[in-house]
Every structure is written in structure tokens, then in C-alpha cells.
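Read the structure below first, then the notes.
Derivation of every value follows stated rules applied to the coordinates shown; laboratory data play no part. A quick note: this is a predicted structure, and the numbers were derived from the prediction, not measured. Virtual Cβ from ideal backbone geometry, glycine too; neighbours counted across all protein chains shown.
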Amino acid sequence: MCKRVKLDKKIKYAYSKKIENFGKEVIFSYPNETLAVSTTKNKCSLKCAHCNGHYLNNMVPIEEYEDKIKSRNITSFLLSGGCSFEGDVPINKHIDTLKVLKQNGFKINAHLGLMETKDIESVCKYIDMVSFDLVFDKSTIEEVYKINKSKEDYIKAYETIKDNTKVAPHICIGLKGGDIKGEHEIIDYLAKDPPEIITFIVLIPTKNTEYENVEPPNLEKVADLLCEARIKLPKTIINLGCMRPRGNYRQELDQIALECGINKIVLPSRSAKNKALEMNLIVKESKECCVL
């Protein structure tokens, strides 16, 4: 009971910081005008424990993007794809396409992963925003991604990207099989030089992956982490991204996120809409990827 009372106080304080810096506005994002494109089709070398390439199947191969923009009102692109064995997404092999997209006025958000410095400097000339997954816990990196990388490798890539274009750190809550491990350390690191935007996503136990039978992270621990971010990053825009469990878990999570003072929810649940009304929030809508 004592822990719950302490969390409730933390939630109220976090929400007060949001009101202080952003007022009562909240944004609900329906990214229909952002086309998610894969530079590797549905191929990924890593076969990560939480994904196993599953989510690449929902993306348009970069070779086919022109057909899609003829039939949809597209104003921006999310460029992603599977990783190499070094943990980078081979966006750099598609520089010519990046140039064409920019010449045609599209905004570009990209996942680069642990790309080398020279390639980061090359591709970032044509990218408006990079969504960069930060992972600090060594055991999580090894178990999830199966690569021999460290916190320092992630920091190096993040700092290099930050020197070359805008970057929105992404934190997957419960990435290590539903356990929260290293996420608080990432927030402490970001608090030293607060980003303009940060996006939280939440582990989805996904069929045909190593983690298909795990439980998503405990909601009270998720709430504590979101509060920690709002308190330590009071002027940073905090998003709750599209990658999060569905069903009752999402219904509860979305309400908690509003109470903790986040700024934007992608594809909000019905409960989020009802909670926003209950909290007398000023709801606005966007039609692009949450960091654009």
C-alpha cells in the first residue's frame, strides 16, 4: 500500500510538471500520412528475441514506395529495415532515393541503428529526424539483439547522430523479456542534455519470437518510469509510440500515460479518449509519425 501511495504522489507531481511546461494540450497521432518503408524488405540478420523480423512484414519495400504514394496522401516517410550483424540499418545504400524524396518535399524520419560515423554523416544530410533506440544494459543487448555491443556503442552513435541532424531517443520499456533493466539509467543520461522529443514504446510479446510467452512490463513500473522521465525531462516532449501491447493492457497503459503527463499518444485507445475528456485535456490530432 505504501508503494502505491508513493507512486500516486509521483504521478501527481509528474502531471503538475507537464501542466507547468505544456499546459493541458495532448496530441493524438494517427500517422496515415507517413509511409513506413523497409530498406531490406522483410529480411533481418539479427532475428531479435522480441521481433524476429515480424514487424518488417508491415512495411513497404523501398523499391515499391512510388506505387504507394500514388494511391495515398503521403507527406512523410519512416525509413527502417532489418539490421546487419553489426546492428546498423543499411539506409546508406539508398542515398539516391533519400535525395529524390527530399527534392520532392517529403519529410524523413529514419532508424539508423548502430551505423558507423562516416555513414551517419552521409545519410543525415537528407534526414529530418532519426528515431534512435537507446539500450544501456549489456545483458539486454546480448539477449535481445545477440550482438557484442555496449552502452558506449549506443552513446557514440547517438551523439554522432545528434551532431548531424535532429534525433528522438526511443526507449523500449521492458525490452528484456518484460523486465525493466537499464531504462532508468537512460533517462538519467538524457537528463544531462535533454532532447527535444523522446518516445517510449513497450515490449509486445509477439508470436513466433523468443518472447512470445513473456508478460509485458508491470504497469506500475511503467508508470514510475514515465513519471521519472517527465520529472527529469520537464521540457521534453514525451510520446507514447505505436509499438505497445493491445487489449486491456493498452487501455490501462494509455490512461496511465495521460496521468503521468505525456504529450502525445500514437493510435490512442478508446480509454485514452475518454480519459482525456475526464481530465479536461485539450485534444489535438496529427497525421504523421509521432516525432515529425
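Please specify each residue of segment 116-140 satisfying the condition of being under 28 Å from Gly174 (Cβ atoms) and among the charged types (D, E, K, R).
Asp133, Asp137, Lys138
(1) under 30 Å from Lys221 (Cα atoms); (2) small (Gly, Ala, Ser); (3) surrounded by fewer than 14 Cβ atoms within 10 Å (Cβ to Cβ): which one isn't true of Ala110, the others all being true?
Checking Ala110 against (1) under 30 Å from Lys221 (Cα atoms); (2) small (Gly, Ala, Ser); (3) surrounded by fewer than 14 Cβ atoms within 10 Å (Cβ to Cβ), the one that fails is (3).
Note down all Cβ pairs under 8 Å where the first residue falls in segment 264-292 and is under 18 Å from Leu253 (Cβ atoms), the second is in a strand (DSSP E or B) and basic (Lys, Arg), and they're at least six residues apart or on different chains.
Close Cβ pairs satisfying both conditions: Cys290/Lys264.
Restricting to segment 215-232, give me the number of residues that are surrounded by 19 or more Cβ atoms within 10 Å (Cβ to Cβ) and without any contact (Cβ under 8 Å) to a residue 60 or more places away in the chain.
To start, the set of residues in segment 215-232 that are surrounded by 19 or more Cβ atoms within 10 Å (Cβ to Cβ) comprises 216-217, 222-227, 229-230.
Subsequent filtering for residues that are without any contact (Cβ under 8 Å) to a residue 60 or more places away in the chain retains 216-217, 222, 225, 229.
Adding up the residues that qualify gives 5.
Among the residues of segment 101-142, write down those that are under 20 Å from the mean Cα position of the chain (by Cα), touching a residue at least 40 places away in the same chain (Cβ under 8 Å), in a helix (DSSP H, G or I) and under 24 Å from Thr209 (Cα atoms).
Thr140
Could you please give the count of residues in segment 143-157 that are outside any helix (DSSP H, G or I), within 18 Å of Ile186 (Cα to Cα) and not small (Gly, Ala, Ser)? Spell out the reasoning first.
First, pick out the residues of segment 143-157 that are outside any helix (DSSP H, G or I): 146-150.
Among the residues that remain, those that are also within 18 Å of Ile186 (Cα to Cα) are: 149-150.
The next check asks that each one be not small (Gly, Ala, Ser); those that pass are 149.
Here the count works out to 1.
For residues that are crowded, with 17+ Cβ neighbours inside 10 Å, within 16 Å of the chain's Cα centre (by Cα) and of a type outside the set (A, V, I, L, M), tally how many sit in segment 196-212.
2
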